[in-house]
């Protein structure tokens with residue numbers, strides 16, 4: 001019987017064909033998944049990977065991709081694609097600084113574009129006075145760049161630490177500036193301290209000192225662009241000081257306590273070329289922020 005079956009197969013040439021078909025079925029092939037990355041602002045360093053969002057027998061996930069500017073590529077074996085149930089294969093992108101994330105599912109096309117959105121940012125720091133952690137200090141955190149306002153008012157813990165999460169609508173992209181204003185009392189003395197810098201500079205460590213002057217600090221920006229070299233005039237109780245914003249858009253002046261005692265109101269005017277803006281705030285309660293745009297002045 002076996003000889004008869006073999007003879008029949010040979011008569012049709014299937015003995016030579018069937019082994020080649022079986023071999024072709026097990027030869028793995030690679031596919032390239034690629035697409036564009038859309039950022040809410042300037043492109044930033046980003047990691048991209050392909051994941052299967054449900055349990056499966058394939059242990060190769062996640063599969064890392066390569067990012068160049070605003071495009072990415074992922075080389076993946078078709079066996080890996082087939083091992084993930086339909087509807088669960090996903091491309092995930094996260095900025096290396098943790099401020100952006102996005103994802104998109106595979107739908108049969110090897111071109112998958114991903115839009116990154118802004119995520120919440122954790123900001124923390126420590127307050128010290130005379131070399132020791134200071135408990136009960138009032139910490140006011142502000143963030144500038146996309147929008148601007150105080151996003152948190154905290155009280156330092158027993159060892160001087162503070163921590164909070166900045167909402168993505170207020171403290172977003174990696175080029176934002178954070179300003180920490182800290183006030184406290186020790187006996188009859190008013191204590192004050194500041195820390196500022198890029199959002200990725202966290203933790204923000206603040207050393208308190210007895211306030212012998214009243215500080216007024218803030219940020220100058222033109223919509224989303226921080227303004228370096230703007231001329232800034234600050235007025236408090238009819239006393240006026242001038243300064244220039246630095247490369248992060250920050251400015252700071254200090255009045256003698258006899259001229260500007262908190263919680264006095266400080267008025268700020270800034271200009272650069274044809275751009276001008278103004279703002280006012282209560283000292284130690286809200287940081288003045290000046291938008292150099294004729295159509296927008298923001299606190």
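Overview of results
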read-out: Flag for residue 208 being modelled with pLDDT of 80 or more and crowded, with 21+ Cβ neighbours inside 10 Å; value: yes
read-out: Residue within the range 127-141 that is within 22 Å of the chain's Cα centre (by Cα), at pLDDT 90 or above, closer than 27 Å to residue 249 by Cβ and assigned to a strand (DSSP E or B) present; value: no
read-out: Residues of the range 101-126 satisfying the condition of being at pLDDT 85 or above and outside any strand (DSSP E or B); value: 106, 107, 108, 109, 110, 112, 113, 116
read-out: Yes/no for residue 38 being surrounded by fewer than 15 Cβ atoms within 10 Å (Cβ to Cβ), out of contact with any strand residue (DSSP E or B) (no Cβ under 8 Å at 6 or more places or on another chain) and not assigned by TED's automatic domain parsing to the domain that holds residue 225; value: no
read-out: So residue 98, is it closer than 24 Å to residue 41 by Cβ and in a loop (DSSP other than H, G, I, E, B); value: yes
read-out: Meets criteria (out of contact with any strand residue (DSSP E or B) (no Cβ under 7 Å at 6 or more places or on another chain), in a loop (DSSP other than H, G, I, E, B), modelled with pLDDT of 75 or more and surrounded by fewer than 22 Cβ atoms within 10 Å (Cβ to Cβ)) for residue 159; value: no
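The values are calculated or read from the model by the stated rules, or taken from the named source; none is laboratory data. Remember, predicted model here, so these are calculated numbers, not experimental data. We place every Cβ from the backbone using ideal geometry, glycine too, and count neighbours over all the protein chains shown.
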